[in-house]
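Just so it is clear, none of the values below were taken in a lab; they were calculated from the coordinates. Predicted, not measured: the structure shown is a model, and the values here were computed from it. Counting neighbours? That spans all protein chains shown, and the Cβs are built from the backbone with ideal geometry, glycine included.
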Amino acid sequence: MENKVINATEVGPEIILEPAGKIKISGKSRMEDAATYYKEVHAWLSDYLQQENNQITVEFNLSYFNSSSAKQLLKLLMSIDKANSEGKVIWIYPANNDTLLERGQELEIMVDLPFKYEAK
C-alpha cells in the first residue's frame, strides 16, 4: 500500500491515507453525493483491513459536515469496528463549537472504538 491523498475541493475535505495505519480527514465535507467522494477511502480501508495485525487511527479535523457525509464517516468507523483490528479516533474540533463536539460524541455512541477529543 502507498500513501494516497485526495485533495480538498470546494465541497470536499482533504483526505490522507497512510499505509502506516492513519486516515486524516480535514476541512469541510458538504457534498451532495458523499458516497462517491468517499468511495476511494472505503476501498483503501477495505484493503488495509485485510492485512494481519493492523492498527488504524482516524483523525477527523472537520469544521463542518452534512448528513450525507455523516453517513460515510459512520460507515468508515463501522468498517473498522467490525474488522479484527485495533482502531481509535482522534476528533479535533474548534474549541468554541459545541455542535461539532456533540457530532463526534454521537458517532462514538454508534461504534465500539475509543475516541479522543481535542479542542483547537
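Just check segment 4-119 against the gyration tensor rule for me: Cα atoms, a ≥ b ≥ c as the square roots of the eigenvalues, rounded for a/c under 1.5, and otherwise prolate or oblate depending on whether a/b exceeds b/c. Write down the numbers at each step before the final one.
Values: a/c = 1.66, a/b = 1.21, b/c = 1.37.
Since a/c reaches 1.5 but b/c is at least a/b, the shape of segment 4-119 is classed as oblate.
Each Lys and Arg contributes +1 and each Asp and Glu -1, all at the Cβ; summed about the Cα centre of the chain, the dipole is approximately 120 debye. Which loop trypsin sites (Lys or Arg not before Pro) in segment 13-42, with loop taken from DSSP, have no more than 15 other Cβ atoms within 10 angstrom of their Cβ? Here no loop site has a sparse enough neighbourhood. Straight-line cross-link reach from Lys28 at under 16 Å between alpha-carbon atoms covers these aspartates and glutamates, not counting any fewer than eight positions away in the same chain: Glu10, Glu14, Glu59.
In the chain, which longest range has no GluC sites (Glu not before Pro) that are both DSSP loop (not H, G, I, E or B) and surrounded by at most 14 other Cβ atoms within 10 Å? The answer is 53-120. Between Lys71 and Glu18, the C-beta separation translates, for a Förster distance of 30 Å, into a calculated FRET efficiency of about 0.80.
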